[in-house]
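Have a look at the structure below before the remarks.
The values are calculated or read from the model by the stated rules, or taken from the named source; none is laboratory data. None of the values given here were measured: they were computed from a predicted structure. As a convention, Cβ positions derive from the backbone with ideal geometry for all residues, glycine included, and neighbour counts pool all protein chains shown. Heavy atoms of the whole protein, side chains included, go into the accessibility calculation; ligands, DNA and RNA do not. Shrake-Rupley method; radii C 1.70, N 1.55, O 1.52, S 1.80 Å.
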Amino acid sequence: MSTVEVPGALISVGRLPSVCARHGIGARRRVRFVIKSRPDVGPVTEVLHPGKTALGRGVEYSRRVKLVPVDGWPLCEACVRVRLVSLVAAGVLFFGGIVALVAGFVAGSLWPLLGGLVGIFLAVVPFSWGSLPRLTGTEAAADGESVLVKDAHPTFATELQALITQP
Ligand SMILES: [Zn+2]
């Protein structure tokens with residue numbers, strides 16, 4: 001298990017391994033999403049320093065972040081299931097939270113209101129758990145020319161190597 005680099009040249013033509021990067025199992029679905037880089041804009045506490053603002057930090061981030069659109073990324077059965085379950089859980093928490101919020105508001109009762117707020121807030125957890133960048137372990141390289149896959153499965157790495165060496 002190591003980090004492998006998928007060249008942008010393969011990504012742009014959709015030549016990707018037939019197995020999922022995490023489990024090395026044959027793809028059940030192919031997904032399209034955008035992979036972001038993680039530019040280092042310094043520690044969050046920097047905004048506490050004079051002359052540094054959260055806005056400036058955001059501008060610096062958006063100036064340096066690289067986006068790599070990917071089409072046909074392989075997801076195996078297990079990945080598809082994790083994604084489905086986490087998105088359903090996030091939806092139940094979020095929309096259940098909204099219903100409780102409205103009900104609490106209409107009834108003038110505090111507890112459903114608070115429960116609803118907690119539900120909406122907690123929906124972030126399963127949502128990010130099922131997010132494609134986390135699920136696939138991918139991030140764009142700092143220059144945006146390739147995609148890095150953390151802890152890639154050996155089968156994925158082998159297939160990728162074959163794609164790179166066989167034009
Ligand atoms: Zn998988």
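Report the label-to-label distance for residue 29 and residue 134 in nanometres (one decimal), using points 7 Å from each Cα along the Cα→Cβ vector.
Each label point lies 7 Å from its Cα, and together they span 1.7 nm.
Helix-only estimate, please: 222 nm mean residue ellipticity of the chain, summing -39500 (n - 2.57) across DSSP H runs of length 4 or more and dividing by its residues, to the nearest 500.
When only DSSP H runs of four or more count, the value is -15500 deg cm²/dmol.
Just how large is the dipole of segment 9-70 about the Cα centre, in debye to the nearest 20, putting +1 at every Lys and Arg Cβ and -1 at every Asp and Glu Cβ?
Here segment 9-70 has a charge dipole of around 420 debye.
Taking the simple approach of a point 7 Å from Cα along Cα-to-Cβ for both residue 84 and residue 44, what is their distance in nm?
My value for the distance between the label points is 3.5 nm.
Between residue 63 and residue 117, what FRET efficiency comes out of the Förster formula 1/(1 + (r/R0)^6) with R0 = 41 Å and r the beta carbon distance, rounded to 0.05?
Details: r = 35 Å, r/R0 = 0.85.
In this case the efficiency is close to 0.75.
I'd like to check one number: the per residue accessible area of the chain, probe 1.4 Å, reported in Å² as a whole number.
On the way: 10160 Å² over 167 residues.
In whole numbers, the chain has 61 Å² accessible per residue.
How much of the accessible area of segment 98-147, in percent, comes from carbon and sulfur atoms when a 1.4 Å probe is used? Display every interim value, and only then the final one.
Values: 2400 of 2940 Å².
Within segment 98-147, the accessible surface is 82 percent carbon and sulfur.
Provide 95, 121 ordered by accessible surface of protein heavy atoms (probe 1.4 Å), highest first.
Result of the area sort, largest leading: 121, 95.
What is the ratio of the Cα radius of gyration of segment 2-165 to 2.2 N^0.38 Å, where N is its residue count, to two decimals? Write out the running numbers ahead of the final one.
Working: Rg = 20.1 Å, N = 164, 2.2 N^0.38 = 15.3 Å.
Rg over 2.2 N^0.38 Å, computed on Cα atoms: 1.31.
Determine, for each peptide in 106-117, 76-87, 42-53, the mean count of other beta carbons within 10 angstrom over its residues, then list the peptides with the highest first.
Packing proxy ranking, top to bottom: 76-87, 106-117, 42-53.
Isolated Cys in the chain by the 4.7 Å beta carbon test?
Result for the chain is 79, no neighbouring Cys Cβ within the cutoff.
Placing +1 at every Lys and Arg Cβ and -1 at every Asp and Glu Cβ, with all other atoms neutral, what dipole size does segment 1-127 have around its Cα centre, in debye to the nearest 20?
Details: 15 positive and 6 negative charges, 76 e Å.
Here the size comes out at about 360 debye.
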